[in-house]
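The values are calculated or read from the model by the stated rules, or taken from the named source; none is laboratory data. Keep in mind that this is a model prediction, so the values were computed, not measured. Cβ: placed from backbone, ideal geometry, glycine included. Neighbour counts: every protein chain shown.
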Amino acid sequence: MTRRKFVCGNWKMHKTVAEAVELVRELRQRLNTQIQVGIAPPFTALAPVKAALQGSPIQLFAQNCHHEKQGAFTGEVSAPMLKELGCDGVILGHSERRQLFGETDEGVNKKLKAALEAQLHPIVCVGETLAEREASRTWEVVSRQIRGAFNGLAADAVGRCTIAYEPVWAIGTGKTATTGQAQEVHGQIRGLLREIAGPAVADAVRIQYGGSVKPENAAELLSQPDIDGALVGGASLKADDFARIVAGAK
Ligand code: PGA
């Protein structure tokens, strides 16, 4: 089966509204592609970016959401609120959320259910730390994260998700997993999806690679059979770099 490639830019805590709208203007000029492309600005820029994207196929993603629809959760934003703003999807369980904000597999599972209920397309992030890789625990950690995130989900719900494999040691460090290292884990993830959701869903789900994806390495990473796209941090903040990564994904 040929899966449509999917590249998403994770802007993290970068870009004021004015800067975000300017970046969208540049991206609209440079991106001319048949593949699926998304951008995930900070919450404050979602509405203005949505307006700036009008008529463009570029999709809008948030970087997180709370699992409840509403309530006394100071500082949080719910999935229906993101849907109302016009978001297409949401990134969940990013390693920065897990490491810096204490997110657990159980919490990611609740958020995932909330996102799906709000008809948002979730990108579920998984990945091992350097210590875990060096202790040969990569698959133990990644498989636990995936089983935890998808716990209790029906196969068709799993089929509505994208997974991003992001080795923590490769995020923002300039160190990229080799194509062999990345493909090995992506292949294992595909096998696990087969087990938990059946062969048709496993074939259809896109598995993005993330961690220091650059214009120079994107094409080779994305040529691997189980690497169906990229989740791009730093290099998504410059229109030219992001456009070259998208071009390399074709
Ligand atoms: P990076 O970030 O491309 O800057 O390494 C990737 C990510 O955190 O999604």
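Exactly one residue out of Ala182, Ala197, Ala157 is closer than 13 Å to Leu221 by Cβ and of a type in the set (A, V, I, L, M, F, W, C), and it is Ala182.
Checked against (1) over 26 Å from Pro215 (Cβ atoms); (2) out of contact with any helix residue (DSSP H, G or I) (no Cβ under 6 Å at 6 or more places or on another chain), His121 passes all but condition (1). Enumerate the pairs (first residue in the stretch 173-185 and in a loop (DSSP other than H, G, I, E, B); second residue anywhere and among the aliphatic types (A, V, I, L, M) and at pLDDT below 95) with beta-carbon separation below 7 Å, excluding pairs fewer than 6 apart on the same chain, so at least 6 apart or on different chains. Close Cβ pairs satisfying both conditions: Thr176/Ala170; Ala177/Ala170.
Every residue, every condition in (1) at negative phi; (2) in a strand (DSSP E or B); (3) surrounded by 15 or more Cβ atoms within 10 Å (Cβ to Cβ); (4) at pLDDT 95 or above, yes or no:
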residue: Gly9; (1), (2), (3), (4): yes, yes, yes, yes
residue: His14; (1), (2), (3), (4): yes, no, yes, yes
residue: Val21; (1), (2), (3), (4): yes, no, yes, yes
residue: Asn32; (1), (2), (3), (4): yes, no, no, no
residue: Ile39; (1), (2), (3), (4): yes, yes, yes, yes
residue: Gln54; (1), (2), (3), (4): yes, no, no, yes
residue: Ala72; (1), (2), (3), (4): yes, no, no, yes
residue: Val90; (1), (2), (3), (4): yes, yes, yes, yes
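Remark: Lys83 falls outside the filter, which requires a residue to be free of Cβ contacts under 8 Å to residues at least 40 places away in the same chain and in contact with a Cys (Cβ under 8 Å, 6 or more places away or on another chain). Out of Ile171, Ile189, which single residue is surrounded by 15 or more Cβ atoms within 10 Å (Cβ to Cβ), closer than 30 Å to His14 by Cα and among the aliphatic types (A, V, I, L, M)? Exactly one of Ile171, Ile189 is surrounded by 15 or more Cβ atoms within 10 Å (Cβ to Cβ), closer than 30 Å to His14 by Cα and among the aliphatic types (A, V, I, L, M), namely Ile171. Candidates in the stretch 138-168 are the residues that are within 11 Å of the ligand (Cβ to nearest atom) and hydrophobic (A, V, I, L, M, F, W, C); of these, the one that is surrounded by the fewest Cβ atoms within 10 Å (Cβ to Cβ) is Val168.
Here is a yes/no grid of residues against (1) under 12 Å from Gly148 (Cα atoms); (2) in contact with a strand residue (DSSP E or B) (Cβ under 6 Å, 6 or more places away or on another chain); (3) within 14 Å of the ligand (Cβ to nearest atom):
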residue	(1), (2), (3)
Leu92	no, yes, yes
Ser95	no, no, yes
Leu100	no, no, yes
Glu106	yes, no, no
Leu112	yes, yes, no
Ala118	no, no, no
His121	no, yes, no
Val124	yes, yes, yes
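Within the stretch 48-62, the only residue that satisfies the criterion of being without any contact (Cβ under 8 Å) to a residue 12 or more places away in the chain and of a type in the set (S, T, N, Q) is Gln54. The residues in the stretch 189-240 that are more than 11 Å from the ligand (Cβ to nearest atom) and part of a helix (DSSP H, G or I) can be counted, and the count is 23.
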